[in-house]
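In what follows, a single structure is set out as structure tokens and then discussed.
What follows is calculated from the coordinates using simple rules that are stated; it is not laboratory data. Not measured: the values here are computed from a predicted model. For neighbour counting, all protein chains shown are included, and Cβ atoms are generated from backbone atoms with ideal geometry for every residue, glycine included.
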Amino acid sequence: MEERFLQDLLNKHQRTEHFPSTSSVCRLVSRVLLILFPEQTKNHFTSTEEIQQAFVSIESDLRSMLHSMQSSLPAPADSLTSSFMKELPYVYELLTSDIDAALAGDPAAKSEFEIIRTYPGFYAIAFFRLANILHRLQVPILPRALTEYAHSKTGIDIHPGATVGSHFFIDHGTGIVIGETAHIGNHVKIYQCVTLGALSVSKDMASQKRHPTIEDYVVIYAGATILGGETTIGHHSVVGGNVWLTRSIAPYTKIYHQEQVKIIDNG
């Protein structure tokens, strides 16, 4: 190897900031989910004291993790850790509402246990909601690492900066993309291969709202693409499969993509 090449690599190694590994962050969040949803594990607690101790352990590990990257944080690691832990009861309520939405919205769903244990949509939403806490606390890198891990496991790509209301149901889910500034209301149902994206990827729009707003009680079917920060899908609307939208639609609207299909009988 040339000395210059080796020196360039050494310089990069020496100036690169330290961040916890993705695997360690994902393990910590997985531990949180195992406490909140024992359906995912055979190790069940037998007292509230045991549960409290498990949370204390997670808090300690998260504090150590954030201390290791203190120079990159907007506030003291202890304060951010405390804020994260205080959000967990609220996140649990949101995730419980997401389970209710899946149970009510999917005829194939047999039980809450099945949804928690097997549904990729719930897995992706759970990781997103915990990553979203860290994003709102302005912790760098870690929120995106969490949602990208869930993305790799489920095929569902939710940016940790998105705003998502209660009773959110993702059915099937593969290929879904939800951008950073998307705003999703309550009781929204989304099928596979839906994109809530930006009309432009220009860097100078980074601080602007680039992704659509989906109001309450909207259903978006497979393959639909909805683009633009000024695009709003009105409440109680239905967006059909393969629809391409770059403009707003009023509440209670049904919009479908119609394609002429020709069947040729070669017989």
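Take the Cα radius of gyration of the stretch 1-132 and divide it by 2.2 N^0.38 Å, with N its residue count; two decimals is plenty. If you can, show how the numbers build up before the last one.
Working: Rg = 19.4 Å, N = 132, 2.2 N^0.38 = 14.1 Å.
Relative to the 2.2 N^0.38 Å estimate, the stretch 1-132 comes out at 1.38.
At 222 nm, what value in deg cm²/dmol follows for the chain if DSSP H runs of at least 4 each add -39500 (n - 2.57) and the sum is divided by all its residues, to the nearest 500? Each step should come with its number before you reach the end.
Working: 7 runs with 114 residues, N = 267.
Value at 222 nm, helices only: -14000 deg cm²/dmol.
From the Cα gyration tensor of the chain, with a ≥ b ≥ c the square roots of its eigenvalues, which class applies: rounded if a/c is under 1.5, or else prolate if a/b is larger than b/c, or else oblate? Intermediate values should be presented prior to the final figure.
On the way: a/c = 1.91, a/b = 1.33, b/c = 1.43.
The shape class here is oblate.
So between residue 44 and residue 3, what do we pick up on full extension, going 0.36 nm a residue minus the alpha carbon distance?
Details: separation 41, 0.36 × 41 = 14.76 nm, distance 5.60 nm.
Fully extending the segment from residue 44 to residue 3 adds 9.2 nm.
List the residue ranges in the chain for DSSP H helices whose C-alpha atoms run 27 angstrom or more along the long axis and whose Kyte-Doolittle average is -1.0 or above. It would help to have the intermediate numbers written out before the result.
Details: long enough: 48-67 (28 Å, -0.23); 77-105 (40 Å, 0.31).
Long hydrophobic helices here: 48-67, 77-105.
Compactness ratio of the stretch 175-259: Cα Rg over 2.2 N^0.38 Å, N = residue count?
Numbers: Rg = 11.9 Å, N = 85, 2.2 N^0.38 = 11.9 Å.
Normalised by 2.2 N^0.38 Å, the Cα Rg of the stretch 175-259 equals 1.00.
What is the local net charge at residue 119, summed over the other residues whose Cβ is closer than 14 Å to its Cβ (Lys, Arg +1; Asp, Glu -1)? Display every interim value, and only then the final one.
Working: positive: 110, 117, 153, 189; negative: 39, 98, 100, 106, 112, 114, 171.
Taking every Cβ under 14 Å from that of residue 119, the sum is -3.
Taking the Cα centre of the chain as origin, work out the dipole magnitude from +1 charges on Lys and Arg Cβ and -1 charges on Asp and Glu Cβ, in debye rounded to 20.
Values: 21 positive and 27 negative charges, 74 e Å.
Using only the charged Cβ atoms, the result is roughly 360 debye.
Could you work out how far apart the two model spin labels at residue 202 and residue 244 are, taking each label as a point 7 Å from the Cα in the direction of the beta carbon, and quote it in nm?
2.1 nm
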